[in-house]
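Let me begin by presenting the structure, written as C-alpha cells, before commenting on it.
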Amino acid sequence: MSLFGESSATAGSFRPMQRQQYLFDPLVELNPDHILSIVGPALPRLRGLVRDHFNKLQGYRQREEDFAMMNEGQSAWWMATQLENHSRANFHGEPMLEFRRAKQQNFIVVCEEAVVVYKKLRLKTNRDGHTELVTSNYKTRQNMDWWAQQEIDGVPQLPRVILGYEFRHELTEMRCYLGLPRGSNATLQWHREIDSPQGFEDGFTDDHIFEEQPTEEFGFEIEELDEQESERTG
C-alpha cells in the first residue's frame, strides 16, 4: 500500500500495482526557499562538520606523506567516513539534528522536518561543453526511489535533500551546497551554495518536475555513474 492508495486483485481479475506517487508536492515542499527555511537553523553545524574535516584533511596532507599521496576519490572516502562517524557521535538526543541509518543509507533528520544526506559533488562537462554539478550515484532502485521522494521503510516521510561538498583546485579548496538530486540520474534539480549568503544559484530546470521511474527499468543491474567508488549509496 502506498500513501495515496492501493492496488487490488480479485477473483477473475488482476490489476498490477501502480507506481507510488510522490510523498510531496515537489514545487512546494521541495522548493529551495522552503528547504532553506526548514534547515537554516541547523546549517552552521551541518556545514561546520564538513568544513572542520576538510581543514583537518588539509593539515594532514601538509604534514603526512600518506595523506599527501591520496587522490580525490581516496580523500572523499576519508571525508565520508569522518562525516558518518562524527554525525553518529554528535547528532542525537535533540530535535534539531538526529543521525539515522536505514537500508544502508546514512541520513540526518533536521529540525524534524527534512532529511539531509552528506554527498560529494563534482563538476561534469556535458557534450555541449557546459559544466554542471553532479552527485556520485549508482543507478539502483533504492537510489532512484530515495531521490524520487518515494516511500522507503525506516525513512521518515520528509523531504530529502543533500548537503554537498565539492573539492576544487586539486583539493586545496572546497565549496558547500544545499541541493536536490533528480530521481533517475546524478544531476541536480536545484542547488544553492551555502558557504556565504550571497551568490545563491537555484539551478531550477525549465520543467520543474520530477521524472517518473518506469518499473521495467528496475532489476539487479547496477550502472556506475561516477568513476569514483567512494560512495555506493545515496
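The values are calculated or read from the model by the stated rules, or taken from the named source; none is laboratory data. Remember, it's a predicted structure, so these values are computed and weren't measured experimentally. Every residue, glycine among them, receives a Cβ derived from its backbone with ideal geometry; neighbour counts consider all protein chains shown. Surface accessibility is based on the protein's heavy atoms, side chains included, excluding ligands, DNA and RNA. Shrake-Rupley method; radii C 1.70, N 1.55, O 1.52, S 1.80 Å.
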Mind listing the long-range amide H neighbours of LEU121? Cut-off is under 5 Å, sequence gap 5 or more, other chains count too, H placed in the peptide plane at 1.01 Å from N.
TYR165, GLU166, PHE167
Going by average Cβ density within 10 Å per residue, which order do the peptides 128-136, 50-58 take, highest to lowest?
50-58, 128-136
On the protein heavy atoms, probe 1.4 angstrom, tell me the percent of accessible surface of region 129-180 carried by carbon and sulfur.
41 percent
Keeping all protein chains in place, calculate the accessible area per residue for region 29-169 (probe 1.4 angstrom), answer in Å².
47 Å²
Where the centroid of each part is defined by its Cα atoms, how far is region 152-181 from region 94-115 in Å?
14 Å
Mind listing which trypsin sites (Lys or Arg not before Pro) in region 77-150 are in a DSSP loop and have 16 or fewer other Cβ atoms within 10 Å?
LYS103, ARG127
Cα pair distances of region 87-134 binned at 10 Å [whole percent]
24, 35, 20, 17, 4
Can you work out the Karplus-derived ³J(HN,Hα) for every residue in region 109-114? Use 6.51 cos²θ - 1.76 cosθ + 1.60 with θ = phi - 60°, whole Hz, and x for glycine or proline.
7, 10, 6, 6, 9, 8
Can you work out the Karplus-derived ³J(HN,Hα) for every residue in region 158-172? Use 6.51 cos²θ - 1.76 cosθ + 1.60 with θ = phi - 60°, whole Hz, and x for glycine or proline.
10, x, 10, 9, 10, 10, x, 10, 10, 6, 9, 6, 6, 6, 9
Let me check against my output: what whole-number percent is the relative contact order of region 43-196, with C-alpha pairs under 8 Å and at least 6 apart?
17 percent
Report the Rg/Rh value for region 59-179, based on alpha-carbon coordinates and the Kirkwood definition of Rh.
1.00
Residue by residue through region 43-58, what is 3J(HN,Hα) from phi via Karplus (6.51 cos²θ - 1.76 cosθ + 1.60, θ = phi - 60°)? Round to whole Hz and write x for glycine and proline.
4, x, 6, 4, 5, x, 5, 5, 5, 4, 6, 5, 5, 4, 4, 4
